[in-house]
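Heads up: the structure comes next, in structure tokens.
The values are calculated or read from the model by the stated rules, or taken from the named source; none is laboratory data. Since we're looking at a predicted model, the values are computed, not measured. FYI the Cβ positions are ideal-geometry reconstructions off the backbone, even for glycines, and counts take in every protein chain you see. Calculation scope for accessible area: heavy atoms of the full protein, side chains included, ligands and nucleic acids excluded. Shrake-Rupley method; radii C 1.70, N 1.55, O 1.52, S 1.80 Å.
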Amino acid sequence: MVPPSSSMDPSPPPSWFTPKRLLIIFCVINMINYVDRGAIASNGVNGSSETCDDQGICKSGSGIQGEFDLTNFQDGLLSSAFMVGLLVASPIFASLAKSYNPFRLIGVGLSVWTLSVAGCASAFSFWFIAICRMLVGVGEASFISLAAPFIDDNAPVSQKTAWLAMFYMCIPTGIALGYVYGGYVGGHFHWRYAFWGEALLMLPFAVFGFLVKPLQLKGFSPVESKKALASVETDPSVTDVADSKALKLDGRMMVGGDGIIGDELSKTSKSESIHNILNQLSRFAKDMKVLLVDKVYVVNVFGYIAYNFVIGAYSYWGPKAGYNIYHMKSADMLFGGVTIVCGILGTISGGFILDRMGATISNAFILLSGATFLGAISCFSAFCLRSLYGFIVLFAVGELLVFATQAPVNYVCLHCVRPSLRPLSMAISTVSIHIFGDVPSSPLVGILQDHINNWRDTALILTSILFLAAGIWFVGVFLHAVDKSNDGSQPVSTPRITSRKPLLDGNVDESLCEV
């Protein structure tokens, strides 16, 4: 028998790895991730295509768009290319979290991200940088799916939404810093240096993900349990095979006195691997069915999709639209500064307000619908004004309200499902808001602008979609919502040995099946 104090119990985290330090580390990683999003959208890195006046005098392009001679549609596709990797990798990382330590999976993802961004810096063609942007999405998938559940596990009970707000505050702040960073580096040096800088900033965290003692997620078994299981199978006190001798004769493996043909073992191993893969797919299908029939989850994600459609287009086309509508001399700096201030204040305020209201799913929907509706009114009114200063004031108020939704929407994703489903919940939510939200929005807005050739009208049409998001979230207020964050919190256990009958007894096939 395995003693009660076996290594199958989760080991305590390192003493220096406090919850607050975990939050800070994840916030910095998230910040760097979204600095990349802002940098590639900035005028300094993204640049502009070649332009010619009526007299035939042409001005050479700048940045990525100018170097690779991209149309607005191609430029929009480049910003959305990361979604391909994110779409494929997010469900995979969420499923692997049940078999491998989630903290180590984050390390793998950050390593892929770092190498991919370095590839963007050395790109020699449009298709090469597009492929690198796809791989950036693979790296992002592991972190986005798994970081929020770690924060939810370690946050104080009365401040869970506030901690999530601090984490998601890094999205608008990172994008805004990316505008400033990309504009400065691209304007004073070269757009390639912006990507090299991001890769160097992320590299220590990628290494950190492999070197630090891994943490565990609620609802998942520790990785050490698999090692313990393996040790039980080979423990002499359990299996009594310490005195047995394995003899290899004429390509046949002899255990004690009974022979097991190597080919048969190989076939058994392959059959077992196929069986495990089928089990993984079956479990993934069952988990997906649970999510898709959950009305609270579906309504929350639909609202998030409409919301992200607008925010994604704002983040990519905002500086260029502001430059053309109001003739801003430094659109990157202005949009970046406004978004930093409003992103920080709005996101943190949303988290603290929900905690004050009482962190429940129904209250989260009330805050989501109300803040989005008021924010839509402010942003729509801002683009109607001719005055630059009036636009800045109203747009800042609108961003303040719109960004207040970041913590509540992810709170609903985490708390409307069981703990073991949280990584998949975050993964599917992330994939959905990108594939139906900001991924199509950037090229579609580019096509719309190419057709009507009026940035003000384009911005007004885009902003009106925020009213749709507010309406969808308002439906969630009337749904019966139950917080399931503490349901089924027992770990997903690894298989236990049903028989410890040694192989020497001659029942080889039966023992293999039981193990």
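Annotations for the structure displayed:
- Within segment 199-222, if we keep just the residues that are buried (at least 20 other Cβ atoms within 10 Å of the Cβ) and under 16 Å from Ile29 (Cα atoms), the residue that is modelled with the lowest pLDDT turns out to be Gly209.
- Residue pairs whose Cβ atoms lie under 7 Å apart, sitting 6 or more positions apart in sequence or on different chains, and linking a residue in segment 349-361 that is in contact (Cβ under 8 Å) with a residue 24 or more places away in the chain to a partner that is surrounded by 19 or more Cβ atoms within 10 Å (Cβ to Cβ) and of a type in the set (Val, Ile, Thr), are Gly350/Thr405; Gly351/Thr161; Leu354/Thr161; Asp355/Thr161; Ala359/Thr161; Ile361/Val296; Ile361/Val412.
- Taken over segment 130-174, the residue count meeting the criterion of being over 14 Å from the mean Cα position of the chain (by Cα) and within 19 Å of Gly85 (Cβ to Cβ) is 5.
- Number of the condition not met by Ala121 [criteria: (1) within 29 Å of Lys213 (Cβ to Cβ); (2) open to solvent by less than 10 Å² (accessible area, probe 1.4 Å)]: (1)
- Residue check for Phe436: modelled with pLDDT of 85 or more and either open to solvent by 10 Å² or more (accessible area, probe 1.4 Å) or not in a helix (DSSP H, G or I) (or both): yes
- Of residues in segment 387-414 being touching a helix residue (DSSP H, G or I) at 6+ places or on another chain (Cβ under 9 Å) and more than 21 Å from Met169 (Cα to Cα), the one least open to solvent (accessible area, probe 1.4 Å): Phe391
- Test: Phe126 is at pLDDT below 85 and more than 30 Å from Asn363 (Cβ to Cβ): yes
- Taking segment 359-381 as the range and being part of a helix (DSSP H, G or I), crowded, with 20+ Cβ neighbours inside 10 Å and among the aliphatic types (A, V, I, L, M) as the test, the residues that pass are Ile361, Ala364, Leu367, Leu368, Ala371, Ala376.
- Complete set of residues in segment 134-157 that are open to solvent by 10 Å² or more (accessible area, probe 1.4 Å) and part of a helix (DSSP H, G or I): Met134, Leu135, Val138, Ile144, Asp153, Asn154, Val157
- Once segment 168-198 is narrowed to residues that are modelled with pLDDT of 85 or more and open to solvent by less than 10 Å² (accessible area, probe 1.4 Å), the residue that is nearest to Tyr411 (Cα to Cα) is Glu198.
- Taken over segment 304-320, the residue count meeting the criterion of being open to solvent by 10 Å² or more (accessible area, probe 1.4 Å) and β-branched (Val, Ile, Thr) is 2.
- Here Leu462 passes the criteria (1) modelled with pLDDT of 90 or more; (2) open to solvent by 30 Å² or more (accessible area, probe 1.4 Å) except the one numbered (2).
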